[in-house]
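What follows is one structure encoded as structure tokens, with my remarks underneath.
The values are calculated or read from the model by the stated rules, or taken from the named source; none is laboratory data. Predicted model only: the values in this text are computed from it and were never measured. Methodologically, a virtual Cβ is constructed for each residue, glycine included, from the backbone with ideal geometry; neighbour enumeration extends over all protein chains shown. Protein only, heavy atoms only, side chains kept; ligands, DNA and RNA dropped before computing areas. Shrake-Rupley method; radii C 1.70, N 1.55, O 1.52, S 1.80 Å.
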Amino acid sequence: MTTSMGRRERRKRETRHQLGDVAARLFAEHGYDAVSVSDVARAAGVAEQTVYNYFPTKPDLVLDRADEILALTRRTVAERPAHEAPADALRALVHEDVARYVADDGDLARGEFPAQSQQSPVLRRRALEYYDDLAEAITSALAEAAPAPPRLVHRAHAAALVSVVQATTTGIGAAVLSGADRGEAARRLLLDADAALDQAASWFP
């Protein structure tokens with residue numbers, strides 16, 4: 001029974017990954033706004049409902065890790081060592097994003113969130129909602145750990161941290177779309193992110 005369940009879960013992950021790749025290639029070629037869920041289903045050779053089973057809404061095709069990232073970010077801030085600034089705790093996550101960009105398939109990258117959110121007005125609006133959710137997740141983690149300051153102080157701190165994440169994601173998208181040298185772009189992104197996080201850590205130790 002356990003082996004059978006393991007195989008099913010593996011197939012589900014493989015199908016989800018395949019659908020995400022198909023969508024990314026279509027978005028890269030035609031743009032997010034010009035591609036429908038039925039287009040993705042047709043290109044993947046599955047029923048449209050199958051796509052919805054894995055991605056309940058079209059934005060989920062490019063923001064499929066949003067809930068995972070929100071939970072991970074909240075946990076990273078909430079469970080950091082007492083002596084560690086929140087900015088330093090989040091530094092590893094920002095570095096992972098840049099490393100993922102360097103290792104990513106170039107063709108797929110043009111159809112993924114960092115690049116497409118710069119080209120699609122629909123995704124730009126959805127991105128603002130996501131970053132607001134991220135700021136709220138960080139605010140809640142900070143408030144639970146240190147309830148004494150007013151919540152607005154925690155929100156200001158969270159906003160500073162999210163601005164680094166957002167700027168880094170925007171930078172990745174711009175580098176992908178421009179075809180910039182990945183190594184040089186990553187070096188610049190990390191320098192800028194680290195400088196901003198160092199400043200945030202000095203403001204909110």
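The table below lists the values:
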| quantity | calculated |
| --- | --- |
| Boolean, Thr170 is open to solvent by 60 Å² or more (accessible area, probe 1.4 Å) and either in a helix (DSSP H, G or I) or within 19 Å of His95 (Cα to Cα) (or both) | yes |
| Those residues of region 60-80 which are part of a loop (DSSP other than H, G, I, E, B), open to solvent by 50 Å² or more (accessible area, probe 1.4 Å) and modelled with pLDDT under 90, in sequence order | Asp64, Arg65 |
| Some residue of region 110-122 being under 18 Å from Thr170 (Cα atoms), in contact (Cβ under 8 Å) with a residue 24 or more places away in the chain and among the aliphatic types (A, V, I, L, M) | yes |
| Index of the failed condition, Leu197 passing every other in (1) open to solvent by less than 70 Å² (accessible area, probe 1.4 Å); (2) over 16 Å from the mean Cα position of the chain (by Cα); (3) more than 16 Å from Ala85 (Cα to Cα) | (3) |
| Selection within region 13-36 - buried (at least 18 other Cβ atoms within 10 Å of the Cβ) and of a type in the set (A, V, I, L, M) | Leu19, Val22, Ala23, Ala24, Leu26, Ala28, Val35 |
| Residue match in region 92-110 (condition: more than 30 Å from Ala44 (Cβ to Cβ), open to solvent by less than 70 Å² (accessible area, probe 1.4 Å), part of a helix (DSSP H, G or I) and acidic (Asp, Glu)) | no |
| Whichever residue in region 150-160 is under 29 Å from Arg187 (Cα atoms) and surrounded by fewer than 22 Cβ atoms within 10 Å (Cβ to Cβ) and, among such residues, is farthest from the chain's Cα centre (by Cα) | Ala156 |
| Sole residue being touching a Pro at 6+ places or on another chain (Cβ under 6 Å) and crowded, with 17+ Cβ neighbours inside 10 Å, chosen from Ala85, Ala135, Ala143 | Ala85 |
| All positions within region 10-40 that are within 22 Å of Val176 (Cβ to Cβ) and of a type in the set (A, V, I, L, M, F, W, C) | Leu19, Val22, Ala23, Ala24, Leu26, Phe27, Ala28, Ala34, Val35, Val40 |
| Extreme residue, nearest to Glu84 (Cα to Cα), among residues of region 139-167 that are out of contact with any Leu (no Cβ under 9 Å at 6 or more places or on another chain) and outside any helix (DSSP H, G or I) | Ala146 |
| Residue among Pro147, Pro114 that is over 17 Å from the mean Cα position of the chain (by Cα) and of a type outside the set (Phe, Trp, Tyr) | Pro147 |
